[in-house]
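See below for the structure under consideration.
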Amino acid sequence: MADGAREDTSSESTRVDQWVWAVRLFKTRSAAASACRGGHVRVNGATAKPASPVRVGDQVEARVGQRQRVVEVVRLINKRVGPPIAAECLVDHSPPPPPADVFAPVFRRDRGTGRPTKRDKRQLDRLRGRGGDRRGR
C-alpha cells in the first residue's frame with residue numbers, strides 16, 4: 001500500500017479534514033478544516049467538525065466552491081497522494097456539474113460609461129436574484 005494508507009478495519013478512523021484533503025476534494029488542509037468549521041462538510045448527514053472521525057463506508061458530503069460533492073469512503077488515507085491513488089479511496093456519487101451556460105452571465109459595462117448608478121445597481125441585483133425589495137429592509 002502507498003504511504004499514508006491504512007488497512008481497512010471497522011475500528012479504524014481518521015479525521016474528516018485530513019481525509020477530504022488527502023483525496024483532493026480541497027487544495028489545502030486549512031481550507032478543508034475551514035469548510036468543516038463552516039458547516040460545509042457532513043458525514044452521514046451530520047455536520048462534521050474538523051476532528052470528526054470518518055470510517056470506511058461513511059458518506060461524506062462537501063460543498064466545494066459552487067458544487068456539492070457526495071462521496072463514499074472506500075479506503076482511509078491521512079496523507080495526500082496522487083490523483084490516481086486518491087480516486088481509488090472514494091466512490092463519487094456527486095450530481096453532475098451544471099452546464100457552463102447555466103452559470104450567471106458576466107455583466108460588462110461599456111467603456112467610458114462611468115460607475116453604475118444606484119438604479120443600475122438595483123437592476124443588476126434584481127437580475128442576479130438578490131434584491132427585489134425596494135424599501136431597503
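Just so you know, all these numbers are worked out from the coordinates, no wet-lab data involved. On a predicted model such as this, the values are computed, not experimentally measured, just so you know. Positions of Cβ are backbone-derived with ideal geometry, glycine not excepted, and every protein chain shown enters the neighbour counts.
Could you list, in sequence order, the residues of segment 57-73 that are surrounded by fewer than 17 Cβ atoms within 10 Å (Cβ to Cβ) and in contact with a strand residue (DSSP E or B) (Cβ under 6 Å, 6 or more places away or on another chain)?
Gln59, Val70, Glu72
Out of everything in segment 21-48 that is of a type in the set (Lys, Arg) and free of Cβ contacts under 8 Å to residues at least 24 places away in the same chain, what residue ends up being surrounded by the most Cβ atoms within 10 Å (Cβ to Cβ)?
Arg42
Just name the residue that is farthest from Pro83 (Cα to Cα) out of those in segment 22-55 that are hydrophobic (A, V, I, L, M, F, W, C) and touching a Ser or Thr at 6+ places or on another chain (Cβ under 7 Å). If you could, list the steps in order and put the result at the bottom.
As a first pass, look at segment 22-55 and keep what is hydrophobic (A, V, I, L, M, F, W, C): 22-23, 25-26, 31-33, 35-36, 41, 43, 46, 48, 51, 54.
When the remaining residues are screened for being touching a Ser or Thr at 6+ places or on another chain (Cβ under 7 Å), the result is 43, 54.
On the way: Val43: 22, Val54: 20 Å.
Among those that are hydrophobic (A, V, I, L, M, F, W, C) and touching a Ser or Thr at 6+ places or on another chain (Cβ under 7 Å), it is Val43.
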